[in-house]
Each structure stands twice: as structure tokens, then as C-alpha cells.
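Only one structure is covered here, and it is reproduced in the block below.
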Amino acid sequence: MPFLDDTEALALWEDGERLSMLDRAVRMAAALAGIGVDAAGDLPLPVRDRLLLEALWHMGGDSAPVVAPCPDCGTLHEADVALAPLLEARDAAPAQLTIAGQRTDLRPPSSRDLAEAITSGDPGALALRCSGFDAARRDPNAAQAIEAALEEAFPLLNIQIAMQCDACSAEFARRLDPVPLLWALVTAKAKAALASVDCLARAYGWSEAEIFALSPLRRRRYCEMALQ
Ligand SMILES: [Zn+2]
């Protein structure tokens, strides 16, 4: 079960505060999968994000919020998105595309591909990295075609949630990104763990290690008693 306990959440939060959201995603995936950060950086994004979505499910409940302003009138909307259908989405295998008359295999990008594409400053770099097909580099529309084919083959690469404005009936879509959603849960869990240490250390004089040796339920009960 992909789950982050209090001490894991606290370590991730402490380490990730200074990092980009992409690096936070890699570190959360590493902790969830029990693998090193380098290996987590090489996980295909659909695999990484399935781990993050499963953790969202176990830590935050069976739905996740998506908040977006209406592009026409600016009214703020929130949709509660059920996670189960997203977790049931299956990748196409093998993912293929025909470019310039030749069929080529596509692979989903990893976090490392994404970081290198961002560094390159070329918006089409990520799509081209995911096809080993040289002819794609000579076709000006190749990057866009590869991107569309990747999103179709790997549904978790770009989760779009359809929304409709109550005020003006405009229809629009907003991406559900599991990374900031899970990071918000990790942050909340870490801060709650810190608060419990603060409460129990003040009340009983216990050390942080002694407090974390208690179960979350015992910590909560002792804290409630200390505050009575
Ligand atoms: Zn509107």
C-alpha cells in the first residue's frame, strides 16, 4: 500500500521545501516505492504518477480537489474528482506512431527526461526524446504528433478534468496534477507531526525520538490529555 507515515512525511517535507515540484515528485515516488532517488528519476511518468495517485487515495480519501477559474468570467470552481477511475486507466502497449511513412515505438517520458527537456528550453524536446526516430526531428509537426500520441497511449500523462461554469455555462478543462496535491498532504502531515512533538515535549519532556516511537493514535490521545 503506497503510504507515507509521519516520519517519512517529515523527512520529505524537510528535504523538499527547497526543491522544485519536479524534484519533490521524484523524492515522493522514491519514498513510496522504497527505491533510490536516481532510480525514481528514471521511472516512466505514468508509473511515477500512479504511485502518487495511489498514495493520494490512501492518505487523502477517494477523491481529490481540482480548483480552476472560469476562463470566460473568472468565477472560481472546484471539482471533486474520483480517483478510482484514474487508477483503472491502462496504458496502450506498445505505443506506436507513424511519422513520415515509418512506424516508430514511443516510450513514456521519465522525470529525468522532463528535467532535461526543461533545461534545453525547447518545448518539443520532451516529445522527441520519447521517440528514437530520427525522421521525427526533420518533421516540424512531429513533436506535436508525438505528444498527442503519448497522451492517448498513457492516460496519466495529462489528466484533464472537464468542468462547466455555473455562472456563464462555459465549458473548460483543467489538468489534475497529482504532484502538488500529494505534496500538500505531505506538508500537512509533516506539520501535524511537528505540532504533536511540540505538544508532548512541552507537556511530558519527551524527546522527538521517544514521541515518534509512539503510535499516531497514542500521540494524539496524550496530546488531547495534555491540553485538557
Ligand atoms: Zn464563467
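Throughout, read-outs are computed from the coordinates displayed, never taken from laboratory work. Everything quoted here is computed from the prediction, not taken from an experiment. Here the Cβ is made from the backbone with ideal geometry for all residues, glycine too, and neighbour counts use every protein chain on show.
Rounded, prolate or oblate: which one fits segment 1-69, using the alpha carbon gyration tensor with axes a ≥ b ≥ c (rounded when a/c is under 1.5, else prolate when a/b beats b/c, else oblate)?
Rounded, because the longest to shortest axis ratio a/c is under 1.5.
Sort F172, F154 so the one with the fewest other Cβ atoms within 10 Å of its own Cβ comes first.
Exposure proxy ranking, most exposed first: F172, F154.
Could you give the angle, 0 to 90 degrees to the nearest 10, between helix 21-33's Cα long axis and the longest principal axis of the Cα atoms of the chain?
Taking Cα atoms only, the helix is inclined about 70 degrees.
Once the piece of chain linking T7 and A148 is laid out straight, how much longer is it, given 0.36 nm per residue of separation minus the C-alpha distance between them?
46.8 nm
Given the convex hull of the Cα atoms of the chain, what is a quarter of its surface area in nm²?
Averaging across all directions leaves 16.3 nm² for the Cα convex hull.
Contour minus end-to-end for Q160 and R103, with contour as 0.36 nm per residue of separation and end-to-end as the Cα-Cα distance? Show your work: numbers first, answer last.
Values: separation 57, 0.36 × 57 = 20.52 nm, distance 2.76 nm.
Length difference between fully extended and current span is 17.8 nm.
In what order do T7, T187, T119 fall by count of nearby beta-carbon atoms within 10 Å, going from fewest to most?
By the 10 Å Cβ count, ascending, the order reads T119, T7, T187.
Taking the Cα centre of the chain as the origin, how large is its charge dipole in debye, to the nearest 20, when only Lys and Arg (+1) and Asp and Glu (-1) carry charge on their Cβ atoms?
The calculation lands at about 340 debye.
Take each of the peptides 64-70, 111-117, 23-29, average the number of other beta-carbon atoms within 10 Å over its residues, and list them starting from the highest.
Ranked from most to least packed, the peptides come out as 23-29, 111-117, 64-70.
Rounded to the nearest 10 degrees, what's the angle between the helix 142-153 long axis and the longest principal axis of the chain, both from Cα atoms, 0 to 90?
With rounding to tens, the tilt is 50 degrees.
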